[in-house]
Ligand code: HEM
């Protein structure tokens, strides 16, 4: 652009900014002719294979596989099935089966309970056969009735309080424990916000607890909450971005992409990156020309997700296990709520802190994450970082990302200096939620994981960082320049980068102000002197 | 006796006042961008600063052309003639009502102190501002232009800020010195109308 064009463009930008009201770009509605057509080429309710009763999930799966005879092979290769992810770069074997976090800590000795969110039909024993095709739970993702996951959760008889920290016994009678698999099978369809959300909104034991950018408020999101998922926003569902081919879903918290250099992917669809739809110069020509200059160092999420847990569902910011297990004088379990009704102490889960409209933390991130596992030594003296996001200002692959920091205090093996798992669920004396005995619960979990346990329990402060990706606000809700470009802006603690407004050399500021201030004081004094001399002279005269 | 002399041509006056306005405006928006205060908000300040920058650069290009073609650039040829006397005049002698040690004329409309200060504006501070400002603006093109290995934004910004402090300091003193003519408003009138009252003898020199 020539300077003149630049001036014109700037003037125009200002005018447009002042005049243009934010506009939701809703998905174009179907034409009447399209809407009159069947939604899919196959109506499962008409298949004769499904016109009967099914005793179990795996029996239904057998019927599914009788037509979709390659489906199990695809699903068996997916991370939703394997719960295992080998990071080629770091060489770490990760995935739910291996990592340790500061929420429910580890799957070890909790397998069948955690597996309520696994896409298998009957993972009910500690050992599970990952090669059995009939175990693939098609309904987990393809249920369209919105009822299945809740029923699946209730098939396994755990303590109600494992999920419902406080629960209404009178309602327990109405719980459906045996889904009508035939009925569900006749109504399968594409995955939806609801099917994905049934697990992903409830990570680590409840709505919104872990992520903060994923909770049930997204089901009926207004565009201000999530421009993508809102029905009167873009109206997208999860797989529009998390493109899934051959049952392999794109997008990973274990190996995310910090910066996608490939840009728009018109034919191939989304790679679960902003760039694959919005391109490498995502802001329109009419916007401030400097906006597109940010994309080299600032992740889209940083400005476009101004805060998380914005939909009315709080997210946990601290989970302190060290206080768990206290009973009241009568020997009963305790539950304490704050004035907003959030549980801040429970015998089962210890102490908690929550937040809504939480401003994320900001860190350099190049997409590489290292996790601690049960095999790693820790330094119990300080705060233990359960995962470390790599990156820095000098690494061109890094951008500044928003993260949710979940802090916690959790048990460790004090002698071996390792993290531990805890058997939480179950109905025996080893289950923490049954007997509140750390030693037994940890020993059971470590035995299941095949790791040593000294019997010495300690507690350590931990921290986990979760990159934030959802609850993307439309333009009108994004951060404005001054949120960062100021002396104590949001980036104030991000090292190694200068941007106007941040301030850097205080000495130069001081000298500059002294210079200008000194000049001002000097001329004022001089002027006063001139006036005084003049008055003296005219007085004499 | 004094004589009225047409000292400042129409373009010169236009250039002077629009430059003055722009620099004041750029100091206000610039130091807001720098984070000293919040007045317009960062984004408006940044956008307006950028627009003003292009305007100022264009103005400078015209002014340089004008000086070159009219020969007026010679007004800035430095001279150390009675420099210290002039400095003493402005700081002390002015109080006693002593005469200005330098006589202006059409051919020498700036005294040696002015010449040195204005010349250093032209060759030091203005270029420092617009070179650092332009580099600042084109930060994202440093890579393609091959400049990235040699520059860091904090250094470019600091050069810009230092130059901004200097020109603001100049501005403060300059505005004050305007009031030191025969009468309080003599100099400002000259820059508005173009006509100045010069001492007769020096006026004849021209
Ligand atoms: C041709 C002249 C100029 C150009 C091209 C220019 C350009 C710029 C640019 C691009 C910025 C950075 C703002 C951004 O992020 O977009 C800036 C900042 C600034 N400008 Fe200028 N400017 C010019 C003249 C001036 C003048 C005359 C002053 C003061 C009297 C000034 C004072 C400042 C200050 C204090 C900052 C803040 C720098 C920081 O804190 O990093 N500028 N200028």
Relative contact order of region B:10-70, defined on C-alpha pairs under 8 angstrom at six or more residues apart (%): 36 percent
In nm, spacing of pseudo-spin labels at residue A:493 and residue A:377 (7 Å Cα→C-beta vector): 2.9 nm
Relative contact order of region B:78-206, defined on C-alpha pairs under 8 angstrom at six or more residues apart (%): 27 percent
Förster-model FRET efficiency, 51 Å R0, residue B:59 and residue A:253, C-beta, rounded to 0.05: 0.40
Gaussian network model of chain B, springs between alpha carbon atoms under 10 Å - residue of B:186, B:98, B:164 with greatest fluctuation: B:98
Ranked B:64, A:298, criterion: other C-beta atoms within 10 Å, fewest first: B:64, A:298
Values of log10 I(q)/I(0), in the order q = 0.17, 0.25 Å⁻¹, for region B:10-70 under a Debye, Cα-only, solvent-free model: -0.59, -0.93
Backbone N within region A:415-439 under 17 Å of label point (7 Å from residue A:456 Cα along the Cβ vector): A:415-420, A:439
Amide N of region B:11-45 lying under 11 Å from the label point, which is placed 7 angstrom from the Cα of residue A:513 along Cα→Cβ: B:36-37
Model label zone, residue B:91; criterion: amide N under 15 Å from point 7 Å along Cα-to-beta-carbon; scope region B:113-157: B:113
Kirkwood hydrodynamic radius (C-alpha pairs) into Stokes-Einstein, region A:128-266, 4 °C and 1.567 mPa s, D in µm²/s: 74 µm²/s
On Cα atoms only, tilt of B:153-177 relative to the major axis of chain B in degrees: 20 degrees
Crossing angle, helix B:42-70 versus chain B [Cα axis fit, 0-90 degrees, rounded to tens]: 50 degrees
Computed lengthening from residue A:131 to residue A:166, 0.36 nm per intervening residue step minus Cα-Cα distance: 8.9 nm
Rg/Rh for region A:84-142, where both radii come from Cα atoms and Rh is the Kirkwood radius: 1.00
Gain on full stretching of the segment that runs from residue A:476 to residue A:285 - 0.36 nm per residue minus C-alpha separation: 67.1 nm
Global geometry of region A:253-294, whether rounded, prolate or oblate, following the gyration tensor of its Cα atoms and the 1.5 cut on a/c: oblate
Helix A:438-449 axis, angle to chain A major axis (alpha carbon atoms, nearest 10°): 80 degrees
Ellipticity estimate at 222 nm from DSSP helix runs (n ≥ 4, -39,500 (n - 2.57)) divided over chain B, nearest 500: -19000 deg cm²/dmol
Sequence of B:122, A:354 once ranked by neighbouring C-beta atoms within 10 Å, starting from the fewest: B:122, A:354
Column: log10 I(q)/I(0), Debye, Cα scatterers of chain B, q = 0.09, 0.13, 0.15 Å⁻¹: -0.43, -0.83, -1.04
Kirkwood hydrodynamic radius over Cα pairs of region A:322-388, then Stokes diffusion coefficient at 25 °C and 0.890 mPa s, in µm²/s: 157 µm²/s
Exposure proxy order (Cβ contacts within 10 Å, fewest to most) of B:172, A:176, A:472: A:176, B:172, A:472
Contact order normalised by residue count of chain A, Cα under 8 Å, 6+ apart, percent: 15 percent
Coordinate range along principal axes, alpha carbons of region A:185-253, Å, largest first: 32, 30, 28
Tensor-based shape of region A:412-512 (alpha-carbon gyration tensor, a/c under 1.5 rounded, otherwise prolate or oblate): prolate
Hydrodynamic radius (Kirkwood) for region B:52-142, which is based on Cα pairs only, to one decimal in Å: 15.5 Å
Against the rule of thumb 2.2 N^0.38 Å, how large the Cα Rg of the protein assembly as shown comes out: 1.33
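Readers should treat all values here as calculations from the given coordinates under stated rules, not as data from a laboratory. Values in this document were obtained by computation on a predicted structure and should not be read as measured data. We place every Cβ from the backbone using ideal geometry, glycine too, and count neighbours over all the protein chains shown.
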